[in-house]
């Protein structure tokens, strides 16, 4: 078990971060970021791995010189795998999962992928199923399968560069890959179908130590050679981990960022509908977690067109009174309203206005509430990430779900969760705001607005 300061490599879809977390109180002593730039092909759009690597090494050196580093942990977005050659180098660039290439062989892939009942993994477009990525990559580059010695999930790619140890982790394999059976805790039948069962690196728990840093990392960063590197964790599960450790069930966690991921722990038994972007994730302890998601951060940016002034109470009151509302979906290929086309009811607020910001906040809260209902949410709702600072989002979420909302003060719950994977204990309660579900505590008209929004959704689907 680690004590002291943990350097967390945190690669999100929008930004790459390095955070230094103090395990005595989970405070972030330092955070640096860079854009997660996608480079063009050939052979396909891929992540700027070498740019990230230079950024991370420089950050590790500076953090250690200023504060000291006791351990390194890793968290990344899902839907990402690295193919390693026998010498440990990349056998091919790491595919950006938003590339539409895998859709070209969708029919062939659909004929071999396991059913939802086996994997808890919905069929997603582009490269959002790692199985679909691999199927398309091997078809596109016929020599790639032979060049691939090991397949590692994305957190463990960075762990491999730091330690030389190849692994996968249960949270990343359980993130709609089609390659994992969450009920049995083992690879799915797809691994044998693709003839890669012997290539996928062993699955480890997120709190396992992969090894210590390689000598060249010692030379470049000044870190002690005995510095441990932990296996790593999928970013939404990193946000979930502190709450599994620190809360009684039932509860739900909403992790917000480019993706909004809702995860229900100990909720109602419901029949999961894979057509609604509902799936079974796997937490840091290997347990199944019903989950639902949509690209909330991306939808926010599209709906506000990049300009989002802070709305005041009178802006919200106008939106509620005039029932001016956005219907889904701004990103139509994911989330509970896949295939729907976004439109405005009532007068559309002008882009760049506070009215627009208020309406978009309500929209995002109502889509989040839909996600929570679809996975059997019960108990409090803990909101992590950027939306935890959006007061109108939080208040509408409380009303729409009739639940108490706990809004985390942490700038990045993913970094805290990844740090906690190294010690398994919360030093003290996390700082948060608590918002009760009663509409009377907020604004007249929120309940009526939510009901009207639901009616429009229902009318659109009939």
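The values are calculated or read from the model by the stated rules, or taken from the named source; none is laboratory data. Since we're looking at a predicted model, the values are computed, not measured. A quick note on method: Cβ atoms are made from the backbone with ideal geometry, for glycine too, and the neighbour counts reach across all protein chains shown.
Structural remarks
- Counted residues, segment 45-55 - those being over 20 Å from the mean Cα position of the chain (by Cα) and either in contact (Cβ under 8 Å) with a residue 60 or more places away in the chain or within 23 Å of residue 99 (Cα to Cα) (or both): 4
- All positions within segment 437-449 that are modelled with pLDDT of 80 or more and in a helix (DSSP H, G or I): 446, 447, 448, 449
- Odd one out for residue 50 among (1) more than 19 Å from residue 194 (Cβ to Cβ); (2) in contact with a helix residue (DSSP H, G or I) (Cβ under 7 Å, 6 or more places away or on another chain): (2)
- Selection status of residue 316, over 25 Å from the mean Cα position of the chain (by Cα) and either touching a residue at least 40 places away in the same chain (Cβ under 8 Å) or buried (at least 19 other Cβ atoms within 10 Å of the Cβ) (or both): yes
Listed here are the residues, each with its yes/no results for (1) within 28 Å of residue 288 (Cα to Cα); (2) outside the structural domain of residue 20 (by TED's automatic domain parsing); (3) more than 20 Å from the chain's Cα centre (by Cα).
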residue: 63; (1), (2), (3): no, no, yes
residue: 66; (1), (2), (3): no, no, yes
residue: 95; (1), (2), (3): yes, no, no
residue: 98; (1), (2), (3): yes, no, no
residue: 104; (1), (2), (3): no, no, yes
residue: 118; (1), (2), (3): yes, no, yes
residue: 121; (1), (2), (3): yes, no, no
residue: 138; (1), (2), (3): no, no, yes
residue: 141; (1), (2), (3): no, no, yes
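- Per-region count, segment 1-44, residues in contact with a strand residue (DSSP E or B) (Cβ under 8 Å, 6 or more places away or on another chain), in contact (Cβ under 8 Å) with a residue 12 or more places away in the chain and either assigned to a strand (DSSP E or B) or crowded, with 19+ Cβ neighbours inside 10 Å (or both): 30
- Apart from one condition, residue 268 fits all of (1) touching a strand residue (DSSP E or B) at 6+ places or on another chain (Cβ under 6 Å); (2) surrounded by fewer than 18 Cβ atoms within 10 Å (Cβ to Cβ); the exception is (1).
- Checking residue 413 against (1) in contact with a strand residue (DSSP E or B) (Cβ under 7 Å, 6 or more places away or on another chain); (2) more than 28 Å from residue 22 (Cα to Cα), the condition it does not meet: (2)
- On the stretch given as segment 391-436, residues that are surrounded by fewer than 24 Cβ atoms within 10 Å (Cβ to Cβ), modelled with pLDDT under 85 and not in a strand (DSSP E or B) total 11.
- Selected residue [farther than 19 Å from residue 443 by Cα and surrounded by 24 or more Cβ atoms within 10 Å (Cβ to Cβ)] from 341, 307, 368, 353: 368
- The condition (being part of a helix (DSSP H, G or I) and more than 27 Å from the chain's Cα centre (by Cα)) is satisfied by just one residue among 355, 372: 355.
- Selection within segment 288-328 - under 30 Å from residue 120 (Cβ atoms) and outside any helix (DSSP H, G or I): 288, 289, 290, 291, 292, 293, 294, 295, 327, 328
- Restricting 101, 125, 120, 159 to residues that are buried (at least 21 other Cβ atoms within 10 Å of the Cβ), more than 21 Å from residue 73 (Cβ to Cβ) and touching a residue at least 12 places away in the same chain (Cβ under 8 Å) narrows the list to 120.
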